[in-house]
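Novice: Before I ask anything, let me first share the structure, which is written out below as structure tokens.
The values are calculated or read from the model by the stated rules, or taken from the named source; none is laboratory data. Small disclaimer: the values here were computed from a predicted structure and weren't measured. Note: ideal-geometry Cβ built from the backbone for every residue, glycine included; neighbour counts use all protein chains shown.
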Amino acid sequence: MTDPHPTRRQVLQWLAGGAAGIGLVGGCAVRREGGQPEPDPAPVAPSKVPTHRTLVLIELGGGNDGLSTLVPFEDGRYLDARPTLGLGPDEVVDLGDGWGLNHRLEAAWATGLAAVCGVGSSTPDLSHFEMLDRWYRGTPRALLAQPGGALASGFLGRVADALAQGQELAGASLQFGEAPILRSTQAQTVGLGDVAANVLLDPEIGDRVEDRLALLASGARSGPTEEARRQLAPIGGLLEVLRQLPEASTAVTYPDSDIGLQLAAASRILRAPSGIRVLHVPQTVSDYDTHGSHRQVHDSLFDELGVALAAFQQDLDHNGMADQVLIATTSEFGRRVVEASGGLDHGTSSTMLMSGPITAGIHGELPDLADLDGNGNLRSAFDFDRYYATLAAWLDVDPAQVLEPDASGTVPEPLPGILRT
Amino acid sequence: MLRTAEGERAAVAHVLRRTTFGPFPGSVERALDEHGSAASLLEAQIAAPLDPFEAPLTIDQPFDPTNTAIVNDELVEQWLARLSSDAAGLHDKLMWFWHAHFTTSFMKAHAIYCWRQLRSVHEHALGNFHELTRAIASDAAMLQYLDGDDTKATQPNENLARELLELYTTGRGHYTEDDVRAAARALAGWVVSPEFNGAERIGSWTLAEPVTFLGESKVHDPDSIVDRIMGLDAVAPFIVSKLARSFIGPRVDAAQLAAWSNSFRSSGYEIRPLVEAMLRSEAFDGARYARPRTGIEWLCTLRRVVDHNRMEMWDLIPIAQVPYAPLSVAGWPDTWLSNSILFARIAFIERIEVSDDLIPESGDRARAALERCGLFATSSETIDALGALAERGASGAELVRAALAAPEFALS
């Protein structure tokens, strides 16, 4: 017997507005209204232009190599360190002074891209788990070892807490399973993947689960069942959002890659009526953790990323949303300067990408190949909570409300000059 | 302690939730009949003799290597059947705990070696942590999983060394990268037989000279690596806090944890006295619904509630724990109360076949459904919700589904 569940890809295709090959075509057949199946729905009153600013955070999971993003393509030290993996002058968009943007991002550069260099931690760690925990939690400092312990709250969760209006769904992730970065204390945030997969498998499941939840999840939020009830509360809001997803965009064609489908889905979600202010788009399956075959893997990922970002930005422009939607990438670390057997070990500082209401160009501090740490890694110019502070401030959220001060009590300051106010 | 009858049943249910993978239908009532109180039941669970390890016939017979999928299924199903049975007790809980702790996946290691790893875990689960770790550091399935197979001291792989420290013994912050590299060299030199004859050390592949590891300079092989690690103060609190989270909950008094760590360390890492102390503590008694029900606990209780013998693995991976299929080398994260998993579980409960015959046609059917799920002294919201359903004449199946979806069922 074969697995009846939709694949991750089928779920993404469905969310992106395409046919999923499981008997649903076009819109979003998520039933309601007396349990009668809706006919193939007409598009919902279109393009809700958001009156609030929204953040789309694209997580490039695995550790994206900063030196393959913004490339010191004329630096002798780079050429010595990357004899087989280095990018040549014909593989970059020349930005002057020996620096170039990986030309696979060219399409995104054309729609406006900010490259923010030197982002990492002043006390770096080479463990995925440690750095992911820190980025999700929103602190660049070492976390106390908590075996099996769950993080109290995530950076995007706290931002959602600060922005949430009443009981509306404030944050979502295109993740399967929980997205720790979205863990909130009060706001309604939800991981879409499993819900979408179940709805795709059985369009009526939404109704039945909602009936179940109406019965069980309501009631006093206190006592041991408080957390379980609180977690179940946003499901109704999510199902409502899924029911009201507008048609896939006709203004642009999204590529068929994972990131393409995710951003197409993001476009629909942003255009649906909802209170969603933070949207998390994880690239954990596309693994930037290039211990081997770095060029082959990274080139392919950046090909996809560049085209998808450009399509997304054009889509937002077309819908009059470009000023209201900020797109920003994260990655838990960069990669080792010197290559090894066709791959790159874990690193530290990296270059983040931003799109939307930004000033295009190079920001932050260019990496210094002459000043590596004891493990052969780049030093970070900025702790990543300053990058986060930049994003929070644009959302009109006080960084002090969502980020920890350092040991001297200093709250991280936004990086200047990147965002058009 | 004086409790109402319902209160005593709830206390019994709590003991069963923490010392078995239930409570299963009827087991609270039976336990109360047999032992009279939650306190007596607890002592009986602690005193229960260890069952011998049973290897399933399909694994130990001559094996067709092309049938890996079937063997994996069989391994999972036989262990789930054991955990879902009335025979499973405290020893089984510890076996599962160590299995989830020393992560190993049959997506990479072979199922036959995984089964033999289970034998080691069975032997040491309520024994000694130092000896258990020694066994695991040389275990064939673990070597396959963390790339210790086919390694030479001159060109080692750091995976096993790093995870042995970071995930299995001390946690981060107690060793350097140099220590990881030294451990990698000392742990190298194995070849794991593809004919299932076990793991063998090849002399010429092992260290020619001892290395310095955690400040000690005579370390030369897996056993001495483990022995040196066990000399670190950090080991006891790392393990104690994880065990306390499992048997009690996330909020245990720091002084209490420190006391248990000191005893664990000075006993030479004896597991049984530590677990007994935890179970007999006031903290345990007060930890009703203090933590989420883990995936495996949820799964085993559910199986018995709906009376299913087998469940399809692909349904289970997102919402439960499938043995030997951890989500990553860090195991299964403690996100059992996330909305995605809760939704997916409720959807699963809606989809599976449930018989109307599981609860009686008459009487207090809401209570019967809750008790079938091992839920006693539940919140008034849950009782009211089930009561409303019963009043509307809901079927037995619907009442059981509703009880399984109740927030209390998601908790231990």
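Novice: A:VAL195 - would you say it is more than 7 Å from chain B (Cβ to nearest Cβ) and assigned to a helix (DSSP H, G or I)?
Specialist: Taking the combined requirement at face value, the residue does not satisfy it.
Novice: Restricting attention to the range A:180-194, and to residues there that are more than 15 Å from A:ILE235 (Cβ to Cβ) and under 14 Å from the mean Cα position of the chain (by Cα), which single residue is surrounded by the most Cβ atoms within 10 Å (Cβ to Cβ)?
Specialist: Per the criteria, the residue is A:ILE181.
Novice: Could you pull out the residue among A:GLY171, A:GLY138 that is away from chain B (no Cβ under 12 Å), in contact with a Lys or Arg (Cβ under 9 Å, 6 or more places away or on another chain) and touching a residue at least 40 places away in the same chain (Cβ under 8 Å)?
Specialist: After ruling out the rest, the residue left standing is A:GLY138.
Novice: Can you give me the ranges of the helices (runs of 4 or more DSSP H) entirely in the range A:56-160 with at least 3 residues that are touching a Pro at 6+ places or on another chain (Cβ under 7 Å), farther than 29 Å from A:ALA310 by Cβ and of a type in the set (Val, Ile, Thr)?
Specialist: Result: empty, no element qualifies.
Novice: Additional query: Restricting the range A:211-231 to residues that are more than 20 Å from B:PRO250 (Cβ to Cβ) and either modelled with pLDDT of 85 or more or not in a helix (DSSP H, G or I) (or both), which is nearest to the other protein chains (Cβ to nearest Cβ)?
Specialist: A:GLY219
The rows are residues; the columns are (1) crowded, with 20+ Cβ neighbours inside 10 Å; (2) at negative phi; (3) within 14 Å of the chain's Cα centre (by Cα); (4) in a loop (DSSP other than H, G, I, E, B).
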{"position": "A:LEU238", "(1), (2), (3), (4)": "yes, yes, no, no"}
{"position": "A:GLU247", "(1), (2), (3), (4)": "no, yes, no, yes"}
{"position": "A:LEU261", "(1), (2), (3), (4)": "yes, yes, yes, no"}
{"position": "A:ALA266", "(1), (2), (3), (4)": "yes, yes, yes, no"}
{"position": "A:ASP303", "(1), (2), (3), (4)": "no, yes, no, no"}
{"position": "A:GLY306", "(1), (2), (3), (4)": "yes, yes, no, no"}
{"position": "A:ALA311", "(1), (2), (3), (4)": "yes, yes, no, no"}
{"position": "A:THR348", "(1), (2), (3), (4)": "yes, yes, no, yes"}
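Novice: May I ask you to list pairs of residues, at least six apart or on different chains, whose Cβ atoms are under 7 Å apart, with the first in the range B:229-251 being more than 28 Å from B:ALA186 (Cβ to Cβ) and the second being of a type in the set (Gly, Ala, Ser) and part of a helix (DSSP H, G or I)?
Specialist: Final answer for the pair search is B:ILE248/B:ALA283.
Novice: Do any residues in the range A:59-88 that are surrounded by fewer than 18 Cβ atoms within 10 Å (Cβ to Cβ) have Cβ atoms under 8 Å from those of residues that are modelled with pLDDT of 95 or more and outside any loop (DSSP other than H, G, I, E, B), where the two are at least six apart or on different chains, and which pairs are they?
Specialist: A:GLU74/A:PRO89; A:THR84/A:ARG295
Novice: Next up: Any residue that is in contact (Cβ under 8 Å) with a residue 60 or more places away in the chain, over 18 Å from the mean Cα position of the chain (by Cα) and within 14 Å of chain A (Cβ to nearest Cβ) - is there at least one of those in the range B:252-268?
Specialist: No, that holds for no residue.
Yes/no per residue for (1) at the interface with chain A (Cβ under 10 Å from one of its Cβ atoms); (2) at pLDDT 95 or above; (3) buried (at least 19 other Cβ atoms within 10 Å of the Cβ); (4) touching a His at 6+ places or on another chain (Cβ under 6 Å):
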site	(1), (2), (3), (4)
B:GLY374	no, yes, yes, no
B:SER380	yes, no, no, no
B:ALA388	yes, no, no, no
B:ALA406	yes, no, yes, no
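Novice: Next question, about the same structure. Applying the selection to the range A:316-326, what residues are farther than 14 Å from A:VAL56 by Cα and assigned to a helix (DSSP H, G or I)?
Specialist: Hits for the range A:316-326 are A:ASP317, A:HIS318.
Novice: What is the residue count in the range B:278-307 for residues that are within 19 Å of the chain's Cα centre (by Cα), away from chain A (no Cβ under 14 Å) and farther than 26 Å from B:ILE359 by Cα?
Specialist: The qualifying residues number 3.
Novice: Can you say whether A:THR189 is within 14 Å of another protein chain (Cβ to nearest Cβ), in contact (Cβ under 8 Å) with a residue 12 or more places away in the chain and not in a helix (DSSP H, G or I), as far as the supplied structure shows?
Specialist: yes
Novice: Are any residues in the range B:70-88 surrounded by fewer than 20 Cβ atoms within 10 Å (Cβ to Cβ) and assigned to a loop (DSSP other than H, G, I, E, B), and if so, which ones?
Specialist: Once the filter is applied, which keeps residues that are surrounded by fewer than 20 Cβ atoms within 10 Å (Cβ to Cβ) and assigned to a loop (DSSP other than H, G, I, E, B), the range B:70-88 yields B:SER85, B:ASP86, B:ALA87.
Novice: Still on this structure: Could you check A:ASN375 against (1) over 30 Å from B:ARG162 (Cβ atoms); (2) more than 19 Å from the chain's Cα centre (by Cα) and say which number it fails?
Specialist: It is condition (1) that A:ASN375 fails.
Novice: Restricting attention to the range A:376-399, and to residues there that are touching a helix residue (DSSP H, G or I) at 6+ places or on another chain (Cβ under 7 Å) and assigned to a loop (DSSP other than H, G, I, E, B), which single residue is nearest to A:VAL71 (Cα to Cα)?
Specialist: A:LEU395
Novice: While we're here: Being touching a Leu at 6+ places or on another chain (Cβ under 6 Å), closer than 27 Å to B:MET107 by Cα and touching a residue at least 24 places away in the same chain (Cβ under 8 Å) is true for just one of B:LEU342, B:LEU337. Which residue is that?
Specialist: B:LEU342
Novice: Conditions: (1) farther than 17 Å from A:LEU232 by Cα; (2) in a loop (DSSP other than H, G, I, E, B); (3) within 10 Å of chain A (Cβ to nearest Cβ). B:ARG310 meets all but one. Number of the miss?
Specialist: So B:ARG310 meets the others, but not (3).
Novice: Give the residues of the range B:1-58 that are β-branched (Val, Ile, Thr), outside any helix (DSSP H, G or I) and modelled with pLDDT of 95 or more, sorted by residue number.
Specialist: Of everything in the range B:1-58, just one residue is β-branched (Val, Ile, Thr), outside any helix (DSSP H, G or I) and modelled with pLDDT of 95 or more, namely B:THR20.
Novice: What is the one condition in (1) surrounded by 24 or more Cβ atoms within 10 Å (Cβ to Cβ); (2) over 24 Å from the mean Cα position of the chain (by Cα) that B:GLU350 does not satisfy?
Specialist: Evaluating B:GLU350 over (1) surrounded by 24 or more Cβ atoms within 10 Å (Cβ to Cβ); (2) over 24 Å from the mean Cα position of the chain (by Cα) leaves (1) as the failure.
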